[in-house]
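This report concerns only the one structure given below.
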Amino acid sequence: MNKPSILVARAVFPEVIARLQQHFDVEQNPADEPLSREQLVARLHGKAGVFTTGGERIDASLLAACPQLRICANMAVGYNNFDLPAMTAAKVLATNTPDVLTETTADFGFALLMATARRMAEGEHFLRAGKWNKWAYDMFSGSDVHGSTLGILGMGRIGQGIARRGAHGFGMKVIYHNRSRLSPELESECKARYVGKEELLRESDHLVLVLPYSAQSHHSIGAAELAQMKPTATLINVARGGIVDDAALAKALRERRIAAAGLDVFEGEPKVHPDLLTVPNVVLTPHIASATVPTRLAMANLAADNLIGYLVHGKPVTPLNPEVLGS
Ligand code: 8YV
């Protein structure tokens, strides 16, 4: 019997490709570069499934051009590259990779918070540039993490992981804002207090963004929100570019209206707003919050499990639009 055909849109672990080859005819984009829209549509011709990594936009016009497509499996927990209603209307299953990256991403969010608060990147650049030739009482003085107020915008699994680290490991007072409140049990586990967005902006010493990107969350932090934050505050984004207005942030950092920012994600990445590259009080990393070998492997295997689960056994593991299954 012919195996179903799938496309793997980016280079991923060879052992995961080998697993997929046991069940499918696999075409892989071997290049480091993402496929252009035209290349993606051309390569999806006749494919029942696609393994995506978050950069490939799946929308109504692509779906109309690829009528054989039955599943798009994202190797990412975020799925803002999917037009979910259009996929559901076209009866195409969408899957993502929740849970397997939660703790790794929370570790990174906290590391970025620490590096930002304690000005580690500025110190390293100074040292590498050969400028360290004396001690000074105020050299790279940052802000304390222990005992400070940790604000979290978006309190899903990763937000809760960051809250636990702050509350239990660093004695931080945790406040959060989210579309919905956590259960009392989860609030007490995370030692987190629900507040309105204005209070969150006003009270946070370190504000971490962990909310999903959507039209509603676009520029959730812009000039007006930055103006409400403490001048000593830090802002950390491990969610998605586009949640922050990067131009407004660069201006606020340059004018020291907030103390510093730690950013793993950017509007229009991998391009970075040029003003962010020239302000000193920012720590910049290239979207690597989930990047440990075991976690990336677990993410790739879960995306593969979804393709195999659905196309071979009719049972995906982590469907986003399960209504497609019954139709
Ligand atoms: C991924 C992410 O590395 O899971 C997500 O939503 O942002 C990252 O963990 C990225 O999307 C590529 O797969």
**Message:** Run the count for the stretch 102-284, please: Lys pairs, Cα-Cα under 27 angstrom, 8 or more apart or on different chains.
**Reply:** 9
**Complete:** Sparse-neighbourhood loop hits (trypsin sites (Lys or Arg not before Pro), the stretch 1-95; DSSP loop; Cβ within 10 Å at most 16 others) -> ARG57, LYS91
**Fill in**
Per GNM of the chain with C-alpha springs under 10 angstrom, the most fluctuating residue out of LEU127, LEU263, LEU62 is LEU127
**Request:** Starting from the Cα of LYS91, draw a straight line to each of the lysines and keep only those under 28 Å, dropping any in the same chain fewer than 8 residues away.
**Result:** LYS3, LYS47, LYS315
**Message:** Please list, by residue number, every one of the chymotrypsin sites (Phe, Trp or Tyr not before Pro) in the stretch 109-201 that is coil in DSSP and has at most 10 other beta-carbon atoms within 10 Å.
**Reply:** TRP135, TYR137
**Complete:** the chain: relative contact order from alpha carbon pairs under 8 Å, six or more residues apart, as a whole percent, is 18
**Asked** Given H placed 1.01 Å from N in the peptide plane, which residues other than close sequence neighbours of GLN28 have an amide H under 5 Å from its amide H?
**Response** VAL8
**Prompt:** How large is ³J(HN,Hα) for each residue in the stretch 161-167, as worked out from phi by the Karplus curve 6.51 cos²θ - 1.76 cosθ + 1.60 (θ = phi - 60°), to whole Hz, x for Gly and Pro?
**Reply:** x, 5, 4, 4, 4, x, 6
**Asked** In whole Hz, what ³J(HN,Hα) sequence does the stretch 236-253 give by Karplus (6.51, -1.76, 1.60; θ = phi - 60°), x for Gly and Pro?
**Response** 10, 10, 10, 9, 8, x, x, 6, 10, 7, 4, 5, 5, 5, 4, 5, 5, 5
**Request:** Wrap a convex hull around the Cα atoms of the chain, take a quarter of its surface area, and give that in square nanometres.
**Result:** 18.5
**Item:** Amide H contacts of ASN321 (H built 1.01 Å from N, under 5 Å, at least 5 apart or other chain)
**Value:** ALA94
**Complete:** For the stretch 104-192 the trypsin sites (Lys or Arg not before Pro) that pass both the DSSP coil test and the at-most-13 other-Cβ-within-10 Å test are LYS131, LYS134, ARG179, ARG181
**Item:** Positive minus negative residues near GLY309 (Lys, Arg vs Asp, Glu; Cβ under 13 Å)
**Value:** +2
**Complete:** Whole-Hz Karplus couplings 3J(HN,Hα) for the stretch 258-270, θ = phi - 60° and coefficients 6.51, -1.76, 1.60, Gly and Pro as x, run 10, 6, 6, 9, x, 10, 9, 9, 9, 5, x, 4, x
**Prompt:** Under a 5 Å amide H to amide H cut-off, with H placed in plane at 1.01 Å, what residues pair with THR53 once short-range neighbours are removed?
**Reply:** MET75
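Any read-out appearing in this document is the output of simple, stated calculations on the displayed coordinates, not a laboratory observation. Values in this document were obtained by computation on a predicted structure and should not be read as measured data. Neighbour counts are summed over all protein chains in view; Cβ atoms, including those assigned to glycine, are modelled from backbone coordinates with ideal geometry.
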